[in-house]
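To keep things clear, I will list the structure first and then write my remarks on it.
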Amino acid sequence: MHIKANYIKRYFILSGMLIFAMLLLGCSTKPATEAPGTERESTEEATVPKATFDRVETSETKALKESIIAAGDYMVQYQLPNGELSYQVDIQDGNRNYSPSHIRLIAGTGSLFTVCRIAEDNKYCDAGDRTLDHYLDLLVEDAESFDGLCLYSNGYCKIGGSALTIDAIYKRWQISGSTSLGDRDLLNTAQRLGEQIIWMRNPEGGLYHRVDPFTGSVDKEYYVSYFNGESLMALLELYEITGDEYWLEQALELNEFMKTQAVKEDHWHAYAFSFLARLDTFTQDDQLFAARIAQTIINNDSNLDVEHSSISTATKVEALVAIALGFDLEDNHQEWLDPAIKDHADFVMARQLPNNLCGWSESDALIEHFDGGIYRNCNEPSYIRIDAQQHWINGAAAYIEYLSYPQP
């Protein structure tokens, strides 16, 4: 595995995001390649990246750091002793009676390690360890039905669960350099989750998105727009952790398929492009597709509409920053993206308590109970959900790095 020389000195590995666009031109089918597993010789871990980067201290990066820490404090405040995170709460009446998404919760787990990295405070890493240990108990295996491991939830294994569990393990490795958690071998766990992703490949080059782990029957009709991007990102994270070219080959094949599909506001694909810029090759086709993702986001005025969800807009921060940083890795700075990044970031920060954009009369009580939480919008009932915290933490961390990156 080679890492671009112009990035080695600041090697920080942005939590899983970086890349931007506008180069400015104006289960049943198994892979042909044998998947790594218990019969495959393990590779040694790659060089551990630095936990921090050379942060440029400005009023803007300071505000972003404080916002990240506040979001992390909210998550830790409502973490149960067994590690479980609060999924969703109505900020008007405190109701938490919502059916949780374990995929969103495992994604939120990864963001605690991002807070740890930015805050340089082990409190958040310890919280992340408790949470990761808790949700790893949801992993299941059945060699007769499917390859590897998968995250079981509500009767199925969805491929996004495998991908985001890998992402959480990766973010922990990013800050700690460790793939052990108590008696758990996280490297083996991550690779077996990767096996399940590869097992879910379909004949067209994409992925099936859901499997019944009891029978091994894939649901060929079930589709979630961001699962392919999450899986692509997870394969690249496996490549970085292990140095095994197998994972890169699988990622490149999936990326080629994804570029034949319609352009979406896909922040996970944006992350993947930035990883390719740093770890392998950010091709001309990649750059053009990344540019189209960024332009699609910017052209969508609803992303900054007052009624729009802060959760969705936070993902646009992730995508735009990831794309911008990816181009910077190619020494091809795209200044035209900067205003859009700032506008989307300001939109989300204005919806983080104690900011009271909505003029709620019960502001003191809201601040006391939910300080640092990012509420969805001003509609009632409004709520704080785990993925708002997750997407904003990761996007804001990427934004700090982008602002700290040497500009021409």
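One table, with the values for the structure above:
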| quantity | calculated |
| --- | --- |
| So L288, is it in contact with a helix residue (DSSP H, G or I) (Cβ under 7 Å, 6 or more places away or on another chain) and in a helix (DSSP H, G or I) | no |
| Residue in region 214-221 that is on the phi < 0 side of the Ramachandran plot, at pLDDT 95 or above and in contact with a helix residue (DSSP H, G or I) (Cβ under 8 Å, 6 or more places away or on another chain) present | no |
| I341 vs. criteria within 17 Å of the chain's Cα centre (by Cα) and among the hydrophobic types (A, V, I, L, M, F, W, C) | no |
| Residue within region 97-110 that is farther than 20 Å from H391 by Cα, surrounded by 14 or more Cβ atoms within 10 Å (Cβ to Cβ) and either modelled with pLDDT under 95 or of a type in the set (A, V, I, L, M) (or both) present | no |
| Failed condition for I384, given (1) in contact with a strand residue (DSSP E or B) (Cβ under 9 Å, 6 or more places away or on another chain); (2) farther than 17 Å from L105 by Cα; (3) not in a helix (DSSP H, G or I); (4) not polar (S, T, N, Q) | (2) |
| Residue count for region 349-394, restricted to those that are of a type in the set (D, E) and within 13 Å of S310 (Cα to Cα) | 1 |
| Near pairs, Cβ below 9 angstrom, 6+ apart or cross-chain, from region 242-259 (over 14 Å from L279 (Cα atoms)) to any residue that is assigned to a helix (DSSP H, G or I) and at pLDDT below 95 | none |
| Residues of region 347-396 satisfying the condition of being over 19 Å from Y78 (Cβ atoms), in contact with a Leu (Cβ under 7 Å, 6 or more places away or on another chain), surrounded by 15 or more Cβ atoms within 10 Å (Cβ to Cβ) and modelled with pLDDT of 85 or more | F347, A396 |
| Leading residue by the ranking (farthest from N122 (Cα to Cα)) among those in region 139-171 that are surrounded by fewer than 24 Cβ atoms within 10 Å (Cβ to Cβ) and of a type in the set (D, E, K, R) | E144 |
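The values are calculated or read from the model by the stated rules, or taken from the named source; none is laboratory data. Note that this is a predicted model, so its numbers are computed, not measured. We place every Cβ from the backbone using ideal geometry, glycine too, and count neighbours over all the protein chains shown.
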